[in-house]
C-alpha cells in the first residue's frame, strides 16, 4: 500500500470529507507522463503535427494521411496519441487516414492540469478541421469522451470503446474502491469531480451516461474490454453494450491489461474490420458471459 493511500485511509477514519479531498487530488494527478515508446517512434515521426487552442491552452494534434472522413482516436488518462500506433499502422495500410491529439498535460502537450472538457473541446476542434469522422475510437477516459462526442456534437456511423465505460462515474467508483474509501469519502470525491467540470453529481450522470442516453439510432458500437482488466473492470462496458442491443458488438479478450489491449492482434483486427467493413450482420445482443467474436 502506498503512503498516499495509507494517508487517505487514516484521514477517512477522522473525516470522510478530508479523505475525499485528498483522493480527488490523487484522482486528477497526471504525472508521471507516459513516454513515447521506441517501437512507436516511427509512427510518431510520420504524423503531421498541428497546434490546437483548446480552452485557452495549446494541444498537439496529429494527422496520418489526408483521405476524407478520417478515423479519430482518443487516448485516456495518463495516455498519449501514440498508444494507438499499432492501430494507426493497420488503418493506414487499409487506406484510412487517422487524426488524434495529446490532451493538456499528456504526451507532447504542455500543461499540468486537465479534465474531460479538454478532451471534448479538442474533439470539437478536430471535427471542425477534419470531420465528419468515419469512426471515433476511444480508450479508457477517451472512450467516455468518444461516446459523449458521438451522442452530441460529432455524429459518426461508428464508436469504438476500448477498456472504457458508459459513464465517468464508473471510473470514480473504481478509484474509490481501489483505495478503500468509505461511502462518505466516495461521495465527497464524486462531488468534487463534478464541481471540477462545473456540474453536480446528478448532472454528470445526465450529461455523460451513454447507457442511460444511448448513441443516436444510426450509430453502431463496438465495445472492447478485457475480462482481466485490473485498471477498470468491464461491468460498465457490459451495461453500455446491453443499452445498444441490436447495434453493438462486444469483444472480451482474456489475459490483457488496461493498456496492453491496444496492441493485441485480435483487438486490432476487430477494430479495423469494424471501421473498414462495418459491424457484421450478427452484431446483436449476446449473453454477457460470452466473448463475442
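The values are calculated or read from the model by the stated rules, or taken from the named source; none is laboratory data. Keep in mind the model is a prediction, meaning the values are calculated, not measured. Virtual Cβ from ideal backbone geometry, glycine too; neighbours counted across all protein chains shown.
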Could you look through the stretch 183-241, keep only residues that are free of Cβ contacts under 8 Å to residues at least 60 places away in the same chain and touching a strand residue (DSSP E or B) at 6+ places or on another chain (Cβ under 8 Å), and pick out the one that is nearest to residue 260 (Cα to Cα)? 238
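Is it the case that the stretch 5-25 has a residue that's outside any helix (DSSP H, G or I), more than 21 Å from the chain's Cα centre (by Cα) and surrounded by fewer than 21 Cβ atoms within 10 Å (Cβ to Cβ)?
First pass over the stretch 5-25, keeping only residues outside any helix (DSSP H, G or I): 15.
Filter once more, keeping what is more than 21 Å from the chain's Cα centre (by Cα): 15.
With surrounded by fewer than 21 Cβ atoms within 10 Å (Cβ to Cβ) added as a condition, the list becomes 15.
Checking the stretch 5-25: at least one residue is outside any helix (DSSP H, G or I), more than 21 Å from the chain's Cα centre (by Cα) and surrounded by fewer than 21 Cβ atoms within 10 Å (Cβ to Cβ).
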Might you check whether a residue that is out of contact with any strand residue (DSSP E or B) (no Cβ under 8 Å at 6 or more places or on another chain), at positive phi, surrounded by fewer than 19 Cβ atoms within 10 Å (Cβ to Cβ) and in the same structural domain as residue 147 (by TED's automatic domain parsing) occurs anywhere in the stretch 72-84? yes
Give the stretch 147-179 a look and list any residue that's more than 25 Å from residue 255 (Cα to Cα) and either free of Cβ contacts under 8 Å to residues at least 24 places away in the same chain or under 8 Å from the mean Cα position of the chain (by Cα) (or both), or say none. 152
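Restricting the search to the stretch 208-262, which residues are assigned to a strand (DSSP E or B) and within 21 Å of residue 149 (Cα to Cα)?
220, 221, 222, 223, 224, 248, 249, 250
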Provide a single number: the residues in the stretch 61-93 that are assigned to a loop (DSSP other than H, G, I, E, B), farther than 16 Å from residue 106 by Cα and in contact (Cβ under 8 Å) with a residue 40 or more places away in the chain. 2
For residue 100, only one of the following conditions fails: (1) touching a residue at least 24 places away in the same chain (Cβ under 8 Å); (2) more than 24 Å from residue 143 (Cβ to Cβ); (3) in a strand (DSSP E or B). What is its number? (2)
Among the residues of the stretch 96-111, is there at least one that is surrounded by fewer than 24 Cβ atoms within 10 Å (Cβ to Cβ), over 12 Å from the mean Cα position of the chain (by Cα), closer than 19 Å to residue 265 by Cα and not assigned by TED's automatic domain parsing to the domain that holds residue 202? yes
Note on the stretch 27-60: residues surrounded by fewer than 16 Cβ atoms within 10 Å (Cβ to Cβ), assigned to a helix (DSSP H, G or I) and under 21 Å from the mean Cα position of the chain (by Cα) are none
Within the stretch 173-181, does at least one residue satisfy the condition of being touching a helix residue (DSSP H, G or I) at 6+ places or on another chain (Cβ under 8 Å) and closer than 29 Å to residue 90 by Cβ? no
Residue list for the stretch 5-30, filter: at pLDDT below 95 and under 23 Å from residue 76 (Cα atoms): 5
